[in-house]
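> Would you mind keeping the following structure in view while I ask a few things?
The values are calculated or read from the model by the stated rules, or taken from the named source; none is laboratory data. Predicted model, so just to flag it, every value in this text is computed and none were measured. Please note: Cβ atoms are built from the backbone with ideal geometry, for glycine as well, and neighbour counts cover all protein chains shown. These accessible areas exclude ligands, DNA and RNA; they are computed on the full protein's heavy atoms, side chains included. Shrake-Rupley method; radii C 1.70, N 1.55, O 1.52, S 1.80 Å.
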Amino acid sequence: MTQHIGIVAGSAEGAALCYRTICLEAPAIMGEHNHPEVTMNSVPLAEHMRHVRANDWEALAEALLASAHKVAQAGAAFAICPDNTYHQAFKYLVPRSPIPWIHIAKAVAEEANRLGYTRLGVLGTKYLMEGTVYSEALEEFKIESTIPDEADRERINDIIFKELVNGIFPETSRLYFNQVAGKLKTRGCDAIVLGCTEIPLIVRPEATPLPTLDSTRLLARAALRKAIE
């Protein structure tokens, strides 16, 4: 018996990558064509973004809580959210949730600790980079974090919301992420967090100046491990 996984979606691209990772990596553990049962609830991104833009994380938590109840009613034993930015609402969400959640930044922090990294550059939306989701999760392992400068944060945010969440992945933007990674390397980072769930769709780890920590796939793998415990 495996546990039923609930996915509370943010963007379509990030949620799809998370779902695909679970389904494609499960057969190596569970056997051909096999994976845990998965239920996804996908509220329009616009409904979430009005709360994000207002920095109203309590209101966002209410929206996520409604989704948690839906996947729980469908049988999910626990939930994941493949959207790093939304985790700023977790302190309001988790205590009221009908089912437990896996925290994406904790999954990344555990992997960073396992690999021996000591200072991570964090890439994501401006809300995430300027927030405390990763600094708090990394603190447990005494791992430091750094974010790009303001101009780079603004451009990364524009790329995410104008291109990546819409399934647009231009080469110029891929090269730009590499440039930012190079800057973070000169500032002492030994790896970068792909802390927007769509960034792994454009960044090529083999061509990036620093090792990458793919938050989307790390969350999916953490969910898969929990489901088959």
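> Which residues, taken from region 92-116, are in a helix (DSSP H, G or I) and of a type in the set (S, T, N, Q)?
If the condition is that a residue be in a helix (DSSP H, G or I) and of a type in the set (S, T, N, Q), then ASN113 is the only one that fits.
> Could you count how many residues in region 153-174 are aromatic (Phe, Trp, Tyr) and either open to solvent by 70 Å² or more (accessible area, probe 1.4 Å) or over 21 Å from GLY10 (Cβ atoms) (or both)?
1
> Just the residues that are surrounded by fewer than 21 Cβ atoms within 10 Å (Cβ to Cβ) and touching a Phe, Trp or Tyr at 6+ places or on another chain (Cβ under 7 Å), please, taken from region 104-133.
Answer for region 104-133, where residues must be surrounded by fewer than 21 Cβ atoms within 10 Å (Cβ to Cβ) and touching a Phe, Trp or Tyr at 6+ places or on another chain (Cβ under 7 Å): just ASN113.
> Name, by its number, the condition in (1) open to solvent by 10 Å² or more (accessible area, probe 1.4 Å); (2) in contact with a helix residue (DSSP H, G or I) (Cβ under 9 Å, 6 or more places away or on another chain); (3) touching a residue at least 12 places away in the same chain (Cβ under 8 Å) that does not hold for LYS185.
(2)
> Give me the pairs: first residue in region 217-229 and free of Cβ contacts under 8 Å to residues at least 60 places away in the same chain, second residue assigned to a loop (DSSP other than H, G, I, E, B) and crowded, with 23+ Cβ neighbours inside 10 Å, beta-carbon distance under 9 Å, and six or more apart or on different chains, which are they?
Going by the 9 Å Cβ cut-off, there are no qualifying pairs.
> Within region 73-89, how many residues turn out to be open to solvent by 10 Å² or more (accessible area, probe 1.4 Å), in a loop (DSSP other than H, G, I, E, B) and either under 20 Å from LEU123 (Cβ atoms) or not small (Gly, Ala, Ser) (or both)?
The qualifying residues number 1.
> Let me ask another. Can you tell me which residue within region 1-51, out of those that are assigned to a loop (DSSP other than H, G, I, E, B) and under 16 Å from the mean Cα position of the chain (by Cα), is farthest from HIS69 (Cα to Cα)?
The residue in question is SER11.
> Looking at TYR92, is it among the hydroxyl-bearing types (Ser, Thr, Tyr), under 30 Å from GLU37 (Cα atoms) and open to solvent by 40 Å² or more (accessible area, probe 1.4 Å)?
In short, yes.
> Within region 109-145, how many residues turn out to be farther than 25 Å from ARG221 by Cβ and either β-branched (Val, Ile, Thr) or in contact with a strand residue (DSSP E or B) (Cβ under 6 Å, 6 or more places away or on another chain) (or both)?
0
> Also: From the list GLU150, GLU140, pick out the single residue that is without any contact (Cβ under 8 Å) to a residue 24 or more places away in the chain and open to solvent by 70 Å² or more (accessible area, probe 1.4 Å).
GLU150
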